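Working notes, structure below.
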Amino acid sequence: MRFTATTVDGKTFDAAALAGKPAVLWFWAAWCPRCRGDAAEIRDLQQQYAGKAGVVGVAGLGSGAAAMKDFVADYRLDGFPQLADDAGKVWQRFEVPSQHYYVILDSSGKVAHSGPLTVAQLKQKVDGLL
């Protein structure tokens with residue numbers, strides 16, 4: 001899996017950092033009520049899988065830079081990469097049609113799942129890759 005993007009805090013993110021472990025790409029929008037509802041659980045999931053699987057937030061769909069930063073601060077999501085993708089390049093790369101969508105990659109970078117999930121379903125799928 002190869003792509004680069006800019007994080008909400010302006011840093012460069014290289015997907016090569018995810019190599020060798022399963023990874024979850026969580027596609028969210030700052031204005032999305034369901035994304036807000038799951039944010040704390042995704043943060044907890046990331047902490048649970050630290051060192052075993054990568055978790056990356058991918059914000060977009062017209063969220064805007066200020067709203068993205070507020071979302072990350074409000075839900076304390078700064079402990080893992082949050083990509084600012086209002087242009088939709090990462091969304092298009094993984095053919096993501098809407099927010100609150102997950103792309104799960106296996107340790108070789110192949111897509112193991114793509115679509116909406118509950119947090120419990122997400123955890124089950126990641127556990128199956130570990």
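Place a point 7 Å from Cα of LYS52 in the direction of its Cβ. Which residues in the stretch 99-128 have their backbone N less than 13 Å from it?
123-128
From the mean inverse distance of alpha carbon pairs (Kirkwood) and the Cα radius of gyration, derive Rg over Rh for the stretch 4-127.
With Rh from the inverse mean 1/r over Cα pairs, Rg/Rh is 0.91.
Going by average Cβ neighbours within 10 Å, how do the peptides 4-12, 64-72, 80-88 rank, with the highest at the top?
Most protected by this proxy first, the peptides run 80-88, 64-72, 4-12.
Which value in deg cm²/dmol, rounded to the nearest 500, describes the helix-derived mean residue ellipticity at 222 nm for the chain, given -39,500 (n - 2.57) per DSSP H run of n ≥ 4 and division by the residue count?
-9000 deg cm²/dmol
Quick one: Kirkwood hydrodynamic radius for the stretch 9-67, alpha-carbon pairs, angstrom, one decimal?
For the stretch 9-67, inverting the mean 1/r across all distinct Cα pairs yields 12.7 Å.
May I ask you to evaluate 6.51 cos²θ - 1.76 cosθ + 1.60, the Karplus curve with θ = phi - 60°, for each residue of the stretch 2-18 and list the ³J(HN,Hα) values in order in whole Hz, giving x for glycine and proline?
9, 6, 10, 7, 9, 7, 4, 8, x, 8, 8, 10, 10, 4, 4, 5, 8
Any idea what diffusion coefficient the stretch 43-116 gets from Stokes-Einstein, in µm²/s, Kirkwood Rh on alpha carbon pairs, 20 °C, 1.002 mPa s?
162
In whole Hz, with x marking every Gly and Pro, tabulate ³J(HN,Hα) for the stretch 102-110 from phi via Karplus 6.51 cos²θ - 1.76 cosθ + 1.60, θ = phi - 60°.
For the stretch 102-110, the Karplus-derived couplings read 10, 10, 10, 10, 7, 5, 8, x, 7 Hz, x marking Gly and Pro.
Going by amide H atoms built from the backbone, whose H comes under 5 Å of the H on PHE13, apart from near neighbours?
When sequence neighbours closer than 5 places are left aside, the close amide H contacts are ALA5, THR6, THR7.
Would you work out which of ALA84, VAL96, ALA73 lies farthest towards the positive end of the dipole of the stretch 4-127, given +1 charges on the beta-carbon of Lys and Arg and -1 on that of Asp and Glu, about the Cα centre?
Farthest along the dipole direction, towards plus: VAL96.
Along Cα→Cβ, 7 Å out, is where each label goes; now give me the distance between the ones at ALA17 and LEU130 in nm to one decimal.
So the label points at ALA17 and LEU130 sit 2.1 nm apart.
Expressed in nm to one decimal, what extension gain is obtained for the pair THR4 and GLN121 from 0.36 nm per residue of sequence separation less their Cα-Cα distance?
Extending this stretch completely gives an extra 39.4 nm.
Every number here is computed from the coordinates shown, using simple stated rules; none is lab data. All of these numbers come straight from a predicted model, not from anything done at the bench. All Cβ positions, glycine included, derive from the backbone under ideal geometry; neighbour counts span all protein chains shown.
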